[in-house]
Amino acid sequence: MLIAVISGFIFALVIPMIMGKLKGKSTIWVALLPFSIFGFFLSKLPILLAGDTIKASYQWVPSIGINLDFHLDGLSFLFVLLISGIGTLVFVYTSSYLKGHQYLDRFYAYLSMFMASMLGLVLSDNIYALFIFWELTSISSFFLIGFNNDNPDSRKSAITALAITGFGGLFLMAAMVGLGQITGTSQISALIPLTDSIQSHELYGWVLVFLFIAAFTKSAQFPFHFWLPGAMKAPTPVSTYLHSATMVKAGIYLLARFTPVLGNHEWWNSTLIIVGAITMTYAAIHALFRLDLKGILAYSTISALGILVFLIGLGTKDALLAAAVFILVHALYKATLFLVTGIIDHETGTRDIRQLGGLNKVMLPVGIAAILAAISNAGIPPSFGFVGKDLIYEATLGMGDIAWLLTGLAIITNAALLFAGFLAGIKPFVGKLPEKYQKLHLPSPAMYVPPMLLGVLGILFGLAPGLIEGGIIKPVVQSITGNSPDFHLKLWHGFNLILLLSAITIGSGIALYFLLKPSEGLLAKVAKFENISPHTIINKIADGFVGLSRVWTKFFQNGYLRFYLITILSFLCILLAYRFFTGVELYLDTSKLSDVTFYEAVVVVIMATAIFFTVFSNSRLTAVASLGVVGYSFCMIFLFYSAPDLAMTQFSIDTLTVILFVLVLYNLPRYLVLPDNNDKIRDGLLALVFGGLISVLTLEVMNESVTKEISEYYAKNAYILGKGKNVVNVILVDFRGFDTIVEITVLAIAAIGVFGLLKLHLKSTEKE
């Protein structure tokens, strides 16, 4: 499994080099990577059919519980098949859709990176590895959404998507850390037996909130849904892969994966039902008014994701079965419709639903694929969507007193989704063909075969649901519920209430399709509510943060070094004063004052005199020289207390500092421009307070018990392990070698930067 995951990252690195040598050649061979991964995981089907799962573990950072633990069970199996299977078709589709694009190699690299990240996410059995792959999906999707980086809208959409999903990623990290703290384990499969202790823990509520924010942002739930329609600025293969089959379902996967651990609780169920119901209804109604094909599909995708959250929130066996089926149903028909939309846009140059019609006359195979997908989307028999829709109604009808409300919302949502699916999948292909499209031709088979295959599967699985019942759906339900499920998927259940509800849905949706005509007027009516939409509200909050940042920056970063120093020292004074007033035991043994030697007293007097000259001198050079005297006085104290290494270090630093200051200040005026009396009083008080607090803190530190374990370890092992007799040198070079390397690197970079600035200054001077 590790090879399957990392192969995508390796491929992303080498594909630009390979394609650079194959300029002008066909790129359909790139699809061999996801196809191989699909075949590899499909070969594990017999193991899952036997009721077993597959685990693999590779140590990474075991000291803190971060390992590459992988677990292939029913839930992850469904997702890896979607990721690699639909990924194969998207790779094939891209070879024609972006044929000749100058950055096609880069696109494939981003796509491979995203595929590998998603595989790692759904296979991870480690909470920290899951978070890492989660963030990698956000980063790679940022590159894909902003692929057309010369388009300002694409760049803005990519940044918005990254900001929203990255924001959720921070909360996912908090949730995973919280689970680790509660349970003491980082293995996801090991959390299930600890469900009771997790749900009774005081951090359970916080873990839920953080996990919900992560899932809702990634899966575009209300009020975080607005990033997904904006992401439609990406090329169609991106919209197909990320926003129908994989990335947006990452949040759904997260909720399904942690249902056995965190679910079956009032907080869990109520939150998901409410958020899912709002999202599915809100987005489905919005889809009624869109004119752009991708906009229609975007809002219908949000609605479908809301349905999945809603079903997981219901939490019953019927609801979880419906969710498992609907994940596959939605992936098949939505990927088909996105691919078809890409073909329409590619051939006609428009996605405006009002300008399209009759395309069956010039693109019949594409039209057949679209109509099959629209039928499955509508839940019309004998499609797989019909099976999924019936399961949804069966789940809502079993919810007791609120069954009528939940079922009513489901009917409204499904009727609106039928309307949206007909707009995207049927309207462009029926009716009269506009004269300007008379000369259109069928695109390459690489473009229309993938949607045709997905559309046919949507019908095939409806006619014969047994094909996927035992190998895919049952293992998914077993992974979520923990029990061996007992059900049989059927296309026909006889005449009953569910069939009646299905007929009402289909009838209402078809009536909407014939009665409601999308127009600018309808869209303008919806736009009136834009000022109170989540998108506008969140944008205003973001603008408020930007305004606050500007005020904050203008106040604290005003360009005056004196102000910076005052701010830093004032803040430190507040912290130290708080520590002082919360209890400080002073260490001051006056009986040892008689032990002070004459030499030490003289050095202290010299130091005090030098400080006086530093503070009250009008000359910069005199102040710098006085500071040097203070530093040398410290060198003498180090020598008195048998610390020659520190003394030599201090001596070198003070000498170098004085020389540098003199060189810098040499060309400045000889005398200082002194501040007024108010500034003197302010600076003097701040210096006295800060110095006094530091002195008190020092006395407190001296009163603390000294732990010598570390120093004794270094003393004992410096020669044995580091082969050096100077303990300080061995610590710097061996025990803390990486720290030293980093420090040297920082200094080297700073030196290069200074050298570059000096060269730049010299060149500008020469030109003048």
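The values are calculated or read from the model by the stated rules, or taken from the named source; none is laboratory data. These figures come from a predicted structure and were not determined experimentally. Note that each Cβ is placed from the backbone with ideal geometry, even for glycine, and that neighbours are counted across all protein chains shown. Just the protein is used for accessible areas: all its heavy atoms, side chains included, with ligands, DNA and RNA removed. Shrake-Rupley method; radii C 1.70, N 1.55, O 1.52, S 1.80 Å.
When exposed loop sites are taken as trypsin sites (Lys or Arg not before Pro) in a DSSP loop with at most 10 other Cβ atoms within 10 Å, the longest stretch of the chain clear of them is 26-431.
Here the simple spin-label model places points 7 Å from the Cα toward Cβ, and for residue 567 and residue 536 these points are separated by 3.5 nm. Dipole check for segment 480-577: with +1 at the C-beta of Lys and Arg, -1 at the C-beta of Asp and Glu, and the Cα centre as origin, the magnitude is about 380 Debye. The residues of the chain present an accessible area of 50 Å² per residue when probed at 1.4 Å with all protein chains retained. Note: relative contact order over the chain, using C-alpha pairs below 8 Å and six or more positions apart, is 10 percent. The chymotrypsin sites (Phe, Trp or Tyr not before Pro) of segment 32-129 include none that meets both conditions, a loop assignment by DSSP and at most 12 other Cβ atoms within 10 Å of the site Cβ. The coefficient of translational diffusion for segment 603-662, derived via Stokes-Einstein from the alpha carbon Kirkwood radius under 25 °C and 0.890 mPa s, stands at 211 µm²/s. Relative to the longest principal axis of the Cα atoms of the chain, the long axis of helix 403-425 lies at roughly 80 degrees. Extension gain, residue 557-residue 202: 0.36 nm per intervening residue step, less the Cα-Cα distance, totals 123.7 nm. Karplus-based coupling profile of segment 27-44, in residue order and whole Hz: 10, 5, 4, 4, 5, 4, 5, x, 5, 5, 5, 4, x, 4, 6, 5, 5, 8, with θ = phi - 60° in 6.51 cos²θ - 1.76 cosθ + 1.60 and x standing for Gly or Pro.
Candidate cross-link partners of residue 44 among the lysines, defined by an alpha-carbon separation under 28 Å and a same-chain spacing of 8 or more, comprise 55, 249, 317, 334, 474, 490.
Taking Cα centre as origin and charging only the Cβ of basic (Lys, Arg, +1) and acidic (Asp, Glu, -1) residues, the dipole magnitude of segment 92-170 rounds to 180 debye. On full extension, the segment bounded by residue 748 and residue 13 gains 261.7 nm, given 0.36 nm per residue less the C-alpha separation. So what is the relative contact order for segment 1-123, in percent, with contacts set as C-alpha pairs under 8 Å and at least six apart? For segment 1-123, the relative contact order is 43 percent.
Across segment 67-72, rounded Karplus estimates of 3J(HN,Hα) from the backbone phi angles (6.51 cos²θ - 1.76 cosθ + 1.60, θ = phi - 60°) give 9, 8, 8, 10, 9, 9 Hz, Gly and Pro being marked x. Each Cα pair under 8 Å and six or more residues apart adds its separation to the average, and for segment 615-734 the resulting relative contact order is 20 percent. For residue 126, the residues 5 or more places off, or on other chains, whose built amide H falls under 5 Å of its own are 69, 188. Roughly to the nearest percent, how much of the accessible area of the chain is carbon and sulfur, given a 1.4 Å probe? The C+S portion of the solvent-accessible surface of the chain is 68 percent. Please find the FRET efficiency linking residue 266 to residue 32, where r is the Cβ-Cβ separation and R0 is fixed at 51 Å, and quote it to the nearest 0.05. The pair residue 266/residue 32 has a calculated efficiency of 0.55.
Considering all different alpha carbon pairs of segment 317-393, the Kirkwood hydrodynamic radius works out to 13.5 Å. Dipole magnitude for the chain: computed about the Cα centre from +1 point charges on Lys and Arg Cβ and -1 point charges on Asp and Glu Cβ, it is near 2720 debye. Under 5 Å between amide hydrogens, built in the peptide plane, is the criterion, and for residue 619 it picks out 672 among residues at least 5 positions away or on other chains. Computed 3J(HN,Hα) for segment 255-271, one whole-Hz value per residue from the Karplus formula 6.51 cos²θ - 1.76 cosθ + 1.60 where θ = phi - 60°, is 5, 5, 5, 9, 4, x, 8, 10, x, 6, 9, 4, 5, 5, 5, 5, 4, glycine and proline marked x.
Extension gain for residue 681 to residue 527 (0.36 nm times residue separation, less C-alpha to C-alpha distance): 49.4 nm.
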